[in-house]
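Peer 1: Questions regarding the structure given below will be posed in turn.
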Amino acid sequence: MFGWLRMTKRSTPKREIVVNAEKLETRVAVVENGHLEEFQVEHPSQERLVGSIFKGRIQNLEHDLQAAFVDIGLKKNAFLHYWDMFPDDESRLDEDEEGAQRARRRRFTNEQIAKRFPAGSEIVVQVTKGPIGTKGPRVTASLSIPGRYLVMMPGCRLRGVSRKIGDGKERQRLKKILDRLPLPPDSGLIVRTIGAGASKRAFVRDLRGLLSIWEDLQTNIRDKPTPCCVYQEPDLIERVVRDWLTEDIDRVIIDQPEAYERIRGVAARISRHTRGVIQLYEGHLPIFDHRGIAHQLDEAFRRKVQLKCGGHLVIDETEALIAIDVNTGRHKGKGSQEDAILDVNLEAVEEVARQLRLRNVGGLVIVDLIDMKSRKHQATVYKAMKAALKRDKARTNVLPISELGLMEMTRQRQEESILAQTYVDCPYCRGHGSIKSSLSLSVDIQRQITGVMRKCRVEGREIDLQVLVAPTVLERLRREDEAILVDLQSQYQGRLSFKSEPHRHPESFSILDTTGKVLYSVGETKGA
């Protein structure tokens with residue numbers, strides 16, 4: 001059954017998982033023929049929220065929003081839709097990844113909700129989306145505890161097979177196994193996609209582990225004070241084995257002995273043959289450098305992503321949506337212009353699907369493709385995108401190309417993107433991606449100097465000013481605007497002096513009098 005887990009004789013595995021486990025950060029990459037396909041990062045010091053279960057307290061009900069706010073012990077209250085307050089069965093059949101579920105739009109009256117869940121009442125909820133920006137986590141009362149092959153759903157009676165398993169005979173076999181598994185009457189089970197082909201013994205072993213987790217969870221619900229976490233989703237090391245170690249993985253390489261032994265122990269619970277798959281890396285170079293992943297990561301997270309055909313993508317993350325622009329670049333093609341455009345768009349949608357996985361971005365995504373006149377070509381690109389998205393574990397929905405040449409799609413977003421987790425806004429541009437030119441800054445400074453000098457003359461005060469600026473701005477004032485500043489001194493019969501401060505933000509400047517009193521100031525003093 002598990003013969004696929006033995007190491008093959010190929011010198012370079014076709015598909016492998018590379019794990020870089022450090023004290024402050026764990027990184028996991030899925031590499032196919034040396035090409036980075038998936039990437040995740042997690043910081044052990046930060047609590048894993050998505051998939052974790054909390055005993056919380058209803059803080060308030062917002063009938064206008066059709067939602068409740070729940071105190072689960074975090075800085076921000078969790079957001080709970082009214083339709084997520086009641087466990088739901090049928091909509092979860094194809095949702096077998098980390099407790100995710102399809103949004104259910106069943107209506108409830110405000111009176112029903114207020115009677116069943118008054119402010120101050122307790123409720124057990126599971127986090128489906130972590131805090132993003134200023135928003136708190138999103139939660140649901142439909143609990144899901146994922147195992148290797150099964151998802152246990154306390155509070156419902158559904159027994160089903162993931163719709164992603166399409167083979168009719170296999171579905172029948174799995175349903176027969178499900179019917180024979182000993183399960184409490186108040187719990188449901190779904191066979192995950194990875195369960196296709198697994199033996200009955202594997203399901204029994206997996207269910208035994210899930211029942212043990214559920215018993216501990218019930219004890220925590222009964223004994224722990226509200227609010228509290230009653231079930232913690234496993235860390236990235238364990239999830240690698242649970243969710244990523246599938247039959248198409250030839251090798252798992254990990255660089256830390258302690259994490260290596262741990263991951264072998266977790267994998268051994270699946271099958272003894274997995275020991276041959278997991279290997280310890282003992283080289284001198286960092287493992288991501290040795291496997292060529294570090295360079296690919298640097299390229300993947302740039303705003304401009306090059307395509308092999310010579311074209312390129314420009315990817316911008318905004319609060320409202322992800323905008324992706326496709327450009328032909330240097331690509332010329334050997335056939336007609338329409339064929340050349342088709343080639344670029346086909347490669348572009350493959351790379352877009354890969355970039356969405358790597359960056360873990362979600363929400364609304366707009367892809368501005370190169371215009372195609374042919375409806376046949378548009379349909380070909382649309383089908384290529386749908387095929388590329390099948391590899392994505394997150395839920396996606398893509399629409400046909402619009403008349404404006406735009407492809408609109410959504411991707412499930414459970415937590416902040418990799419960029420948001422790894423990077424902070426530039427202290428100079430503050431996330432805008434640009435700062436004012438030296439010419440614009442010089443005009444602003446001269447305008448404010450004029451205003452201060454005019455005010456001083458009206459008040460009968462001495463005009464002796466010192467202007468503090470960034471070094472780049474001072475260079476502009478000295479080289480190109482000196483004559484204008486000399487004219488200002490003559491016009492107002494005053495004196496101006498300028499001083500550069502190395503750590504001052506380029507857009508920041510201050511105007512002081514002889515006593516050091518700040519007469520005008522704008523921006524931050526430091527750029528870091």
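Peer 1: If I filter region 58-94 down to residues being of a type outside the set (A, V, I, L, M, F, W, C) and closer than 17 Å to LEU143 by Cβ, which single residue comes out as modelled with the highest pLDDT?
Peer 2: For region 58-94, the residue satisfying everything is HIS81.
Peer 1: Which one of these does ARG391 not meet: (1) under 24 Å from GLY130 (Cβ atoms); (2) in contact with a Phe, Trp or Tyr (Cβ under 7 Å, 6 or more places away or on another chain)?
Peer 2: (2)
Peer 1: Still on this model: Is it fair to say LYS200 is modelled with pLDDT of 90 or more and farther than 24 Å from ARG239 by Cβ?
Peer 2: Values: modelled with pLDDT of 90 or more: no; farther than 24 Å from ARG239 by Cβ: yes.
Answer is no for this residue.
Peer 1: Still on this model: Would you kindly identify the strands (runs of 3 or more DSSP E) lying entirely within region 451-528 that contain at least 3 residues that are surrounded by 18 or more Cβ atoms within 10 Å (Cβ to Cβ)? Give the steps one after another, and end with the answer.
Peer 2: Details: elements: 464-469, 495-500, 509-512, 518-522.
Here the list reads 464-469, 509-512.
For every residue, the table says whether it meets (1) within 29 Å of the chain's Cα centre (by Cα); (2) farther than 28 Å from SER162 by Cβ; (3) in a helix (DSSP H, G or I); (4) outside the structural domain of VAL28 (by TED's automatic domain parsing).
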site: ALA340; (1), (2), (3), (4): no, yes, yes, yes
site: LEU346; (1), (2), (3), (4): yes, yes, yes, yes
site: ARG354; (1), (2), (3), (4): yes, no, yes, yes
site: ARG357; (1), (2), (3), (4): yes, no, yes, yes
site: HIS377; (1), (2), (3), (4): no, yes, yes, yes
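Peer 1: If you don't mind, there's one more thing I want to ask. Looking at region 395-429, which of the residues that are among the charged types (D, E, K, R) and within 25 Å of the chain's Cα centre (by Cα) is surrounded by the most Cβ atoms within 10 Å (Cβ to Cβ)? Give the steps one after another, and end with the answer.
Peer 2: The initial filter retains those residues of region 395-429 that are among the charged types (D, E, K, R), namely 395, 403, 408, 411, 413, 415-416, 425.
From what's left, within 25 Å of the chain's Cα centre (by Cα): 395, 408, 411, 413, 415-416, 425.
Details: ARG395: 18, GLU408: 15, ARG411: 21, ARG413: 19, GLU415: 18, GLU416: 16, ASP425: 10.
Residue satisfying both the conditions and the ranking: ARG411.
Peer 1: Give region 256-288 a look and list any residue that's within 19 Å of GLY209 (Cβ to Cβ) and out of contact with any Phe, Trp or Tyr (no Cβ under 7 Å at 6 or more places or on another chain), or say none.
Peer 2: ARG262, ILE263, ARG264, GLY265, VAL266, ALA267, ALA268, ARG269, ILE270, ARG272, THR274
Peer 1: What are the pairs with Cβ atoms under 6 angstrom where one residue, in region 385-402, is at pLDDT below 90 and the other, located anywhere, is among the polar types (S, T, N, Q)? Sequence gap at least six, or different chains.
Peer 2: Close Cβ pairs satisfying both conditions: ALA394/GLN412; ARG395/GLN412.
Peer 1: If ARG10 satisfies all but one of (1) at pLDDT below 85; (2) charged (D, E, K, R); (3) closer than 26 Å to ARG411 by Cβ, what's the number of the condition it fails?
Peer 2: Result: ARG10 fails condition (3) only.
Peer 1: Only one of these conditions is not met by ILE123: (1) in a helix (DSSP H, G or I); (2) at pLDDT 90 or above; (3) surrounded by 14 or more Cβ atoms within 10 Å (Cβ to Cβ). Which number is it?
Peer 2: (1)
For (1) touching a residue at least 12 places away in the same chain (Cβ under 8 Å); (2) of a type in the set (Asp, Glu); (3) not in a loop (DSSP other than H, G, I, E, B), each residue gets a yes or a no:
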| position | (1), (2), (3) |
| --- | --- |
| VAL230 | yes, no, yes |
| ARG242 | yes, no, yes |
| ASP248 | yes, yes, no |
| GLY265 | no, no, yes |
| ARG275 | no, no, yes |
| ARG302 | no, no, no |
| LYS308 | yes, no, no |
| LEU313 | yes, no, yes |
| ASP325 | yes, yes, yes |
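Peer 1: Within region 430-442, which residues are surrounded by 14 or more Cβ atoms within 10 Å (Cβ to Cβ) and either out of contact with any Leu (no Cβ under 8 Å at 6 or more places or on another chain) or within 30 Å of ASN345 (Cβ to Cβ) (or both)?
Peer 2: Residues of region 430-442 surrounded by 14 or more Cβ atoms within 10 Å (Cβ to Cβ): 435-436, 438, 441-442.
If the condition is that a residue be surrounded by 14 or more Cβ atoms within 10 Å (Cβ to Cβ) and either out of contact with any Leu (no Cβ under 8 Å at 6 or more places or on another chain) or within 30 Å of ASN345 (Cβ to Cβ) (or both), then ILE435, LYS436, SER438, LEU441 are the ones that fit.
Peer 1: Right, next: Is there a residue being crowded, with 20+ Cβ neighbours inside 10 Å and either part of a loop (DSSP other than H, G, I, E, B) or in contact (Cβ under 8 Å) with a residue 60 or more places away in the chain (or both) anywhere in region 170-185?
Peer 2: Within region 170-185, none of the residues are crowded, with 20+ Cβ neighbours inside 10 Å and either part of a loop (DSSP other than H, G, I, E, B) or in contact (Cβ under 8 Å) with a residue 60 or more places away in the chain (or both).
Peer 1: Something else: State whether one or more residues within region 378-388 are surrounded by fewer than 16 Cβ atoms within 10 Å (Cβ to Cβ), of a type in the set (A, V, I, L, M, F, W, C) and within 22 Å of VAL344 (Cα to Cα).
Peer 2: yes
Peer 1: Just name the residue that is surrounded by the fewest Cβ atoms within 10 Å (Cβ to Cβ) out of those in region 190-205 that are within 27 Å of the chain's Cα centre (by Cα) and of a type outside the set (Lys, Arg).
Peer 2: Filtering region 190-205 down to residues within 27 Å of the chain's Cα centre (by Cα) leaves 190-195.
In the following step, the residues that additionally are of a type outside the set (Lys, Arg) were identified as 190-191, 193-195.
Numbers: ILE190: 26, VAL191: 26, THR193: 17, ILE194: 21, GLY195: 24.
Within region 190-205, the match that is surrounded by the fewest Cβ atoms within 10 Å (Cβ to Cβ) is THR193.
Peer 1: On to the next question. Mind listing just one residue for me: the one in region 313-335 that is surrounded by 15 or more Cβ atoms within 10 Å (Cβ to Cβ) and of a type in the set (S, T, N, Q) and, of those, modelled with the lowest pLDDT?
Peer 2: THR328
The values are calculated or read from the model by the stated rules, or taken from the named source; none is laboratory data. Please read these numbers as outputs of a predicted model, since none were measured by experiment. With ideal geometry, Cβ positions are generated from the backbone for all residues, glycine too; neighbour counts draw on all protein chains shown.
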